[in-house]
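Inspection log for the structure reproduced underneath, given as structure tokens.
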Amino acid sequence: MRRKDREVTDPDVILYILKKSKVLHLGLVDGNEPYIVPMNYGYTFEDGKLTFYVHSAPEGRKLDIIRKNPSCCAQLECDGALIESAIACKYGYSFYSLEGFGKALIVEDNREKIKALSLLMEEQTGRSFTFTEDMVSNVEVIRIECSDYSAKHRPLNKSGS
């Protein structure tokens, strides 16, 4: 990270970003083309290990790409706000963000799918839901195992720096 003064390492702040953000931008590589798709997510963050779960229709480009190349990145952001200034070059944007790199894997086990979809719905709605094996057999679940991640915060200040 170039701006070490903006790096976030506090697990509580990382957890804040994970809870406050609602959309994960999943970056994949299709041959030599980038492919990015916004998705809702659930996650586990335990002992510094970060895993995301997203769901998908049973077929489509995203799954085709993952089957060929599971390398991926995931990006979140929250609390964005414009930083204004009298000078154009001093304008900026305040935010929290998180970026992770790793592997996207299609979950085969229905018990893990149930756990993942429960996490996703809890994260997105704040409510608990019950899933059956029949229900989860109609969707794909993707587990994103982040081997590396970093978080960043640019505070809102009046100077624009």
(request) Compute the semi-axes of the equivalent ellipsoid of the range 1-45, taking the square root of 5 times each eigenvalue of the Cα gyration tensor, and list them largest first in whole Å. (result) 25, 17, 8
(request) Taking the Cβ of residue 29 as the centre, find all other residues whose Cβ is under 15 Å away and add up their charges (Lys, Arg: +1; Asp, Glu: -1). (result) +2
(message) Just to confirm a number: summing +1 for Lys and Arg and -1 for Asp and Glu over residues other than residue 44 whose beta-carbon lies under 13 angstrom from that of residue 44, what do you get?
(response) -2
(request) Under a 10 Å cutoff between Cα atoms, tell me which one of 137, 118, 21 has the largest fluctuation in the Gaussian network model of the chain. (result) 137
(request) Quick one: among 16, 91, 53, which has the greatest mean-square fluctuation in a GNM of the chain with alpha-carbon springs under 10 angstrom? (result) 91
(request) Return the subset of 62/90; 49/90; 4/113; 19/103; 20/103 for which the Cα-Cα distance in this structure is over 30 Å, preserving the input order. (result) 62/90; 49/90; 4/113
(message) Show me the three semi-axes of the equivalent ellipsoid for the chain, from the C-alpha gyration tensor (sqrt of 5 times each eigenvalue), largest first, rounded to whole Å.
(response) 32, 18, 14
(request) List the residues whose amide H sits under 5 Å from the amide H of residue 40, counting only those 5 or more places along or on another chain, with H placed 1.01 Å from N in the peptide plane. (result) 24
(message) Quick one: 3J(HN,Hα) in Hz for the range 104-113, Karplus 6.51/-1.76/1.60 with θ = phi - 60°, rounded, Gly and Pro as x.
(response) 9, 10, 7, 7, 9, 6, 4, 5, 5, 4
(message) Between the range 20-82 and the range 87-161, what is the separation of their alpha carbon centroids in Å?
(response) 7 Å
(request) Output the relative contact order of the range 1-121, whole-number percent, from Cα pairs under 8 angstrom with separation of 6+ residues. (result) 26 percent
(request) May I ask you to evaluate 6.51 cos²θ - 1.76 cosθ + 1.60, the Karplus curve with θ = phi - 60°, for each residue of the range 68-77 and list the ³J(HN,Hα) values in order in whole Hz, giving x for glycine and proline? (result) 7, 8, x, 4, 8, 9, 10, 9, 10, 8
(message) Restricting to DSSP H runs of at least four residues, report the calculated mean residue ellipticity at 222 nm for the chain, -39500 (n - 2.57) per run over all residues, nearest 500 deg cm²/dmol.
(response) -7000 deg cm²/dmol
(message) What are the ³J(HN,Hα) couplings of the range 22-34, residue after residue, when phi is run through the Karplus curve with 6.51, -1.76, 1.60 and θ = phi - 60°? Round to Hz, x for glycine and proline.
(response) 10, 10, 9, 9, 8, x, 10, 10, 9, x, 10, 10, x
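No value in this document is a laboratory result; all are computed from the given coordinates. None of the values given here were measured: they were computed from a predicted structure. Every residue, glycine among them, receives a Cβ derived from its backbone with ideal geometry; neighbour counts consider all protein chains shown.
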